[in-house]
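All remarks here apply to the structure that follows.
The values are calculated or read from the model by the stated rules, or taken from the named source; none is laboratory data. Everything numeric in this text was worked out from a predicted model, so none of it was measured. Here the Cβ positions follow ideal geometry from the backbone for every residue, glycine too, while neighbour counts run over all protein chains shown.
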Amino acid sequence: MDGIEAQQCGWATRAVAAADLAGTVDRMAAEIARVPLEILMMKKLAINRSANRMGVRDMMEINFEMSLAGHFSNTRERWGAKIEAGGFKQVMAEWKAGTSYDRNRER
């Protein structure tokens, strides 16, 4: 996913050209550095508390547990071999097209 797509999906607040990245980061860091530490701490606490009330912590724990279980499964081993042989992009393209996974073959 590039920066523009990340911004469109809501995963990023802005997208900048690679040549402008360092300057943009420096300007953003300078803006943040001007905010008093106590205000930054209160904002971070408010954001974290709001996210926790919306279930973010539970969601993270559930995803961690499922990810951990998946890493020790036979499916993970098969998909890992496919990715190693064909590359991640190829395997994902096949998966999106519906040509890479046949439940009957995988059993």
Qualifying position, being closer than 24 Å to Met1 by Cα, among the small types (Gly, Ala, Ser) and not in a loop (DSSP other than H, G, I, E, B), among Ala81, Ala51, Ala46, Ala69: Ala81
Return the pairs, sorted by first residue and then second, in which the second residue is of a type in the set (D, E, K, R), the first residue lies in the stretch 53-71 and is surrounded by 10 or more Cβ atoms within 10 Å (Cβ to Cβ), the beta carbons are less than 8 Å apart, and the residues are 6+ apart or on different chains. Gly70/Arg76
Note: among Ala22, Ala17, just one is modelled with pLDDT of 95 or more, within 23 Å of the chain's Cα centre (by Cα) and aliphatic (A, V, I, L, M), namely Ala22
Any idea which of (1) within 24 Å of the chain's Cα centre (by Cα); (2) modelled with pLDDT of 90 or more is the one Met42 doesn't satisfy? (1)
What pairs can you find where one residue is in the stretch 1-14 and without any contact (Cβ under 8 Å) to a residue 12 or more places away in the chain, the other is surrounded by 10 or more Cβ atoms within 10 Å (Cβ to Cβ) and not in a helix (DSSP H, G or I), and their Cβ atoms are less than 7 Å apart, with a gap of 6+ or different chains? Ile4/Ala15; Ala6/Ala12; Ala6/Ala15; Gln7/Arg14; Gln7/Ala15
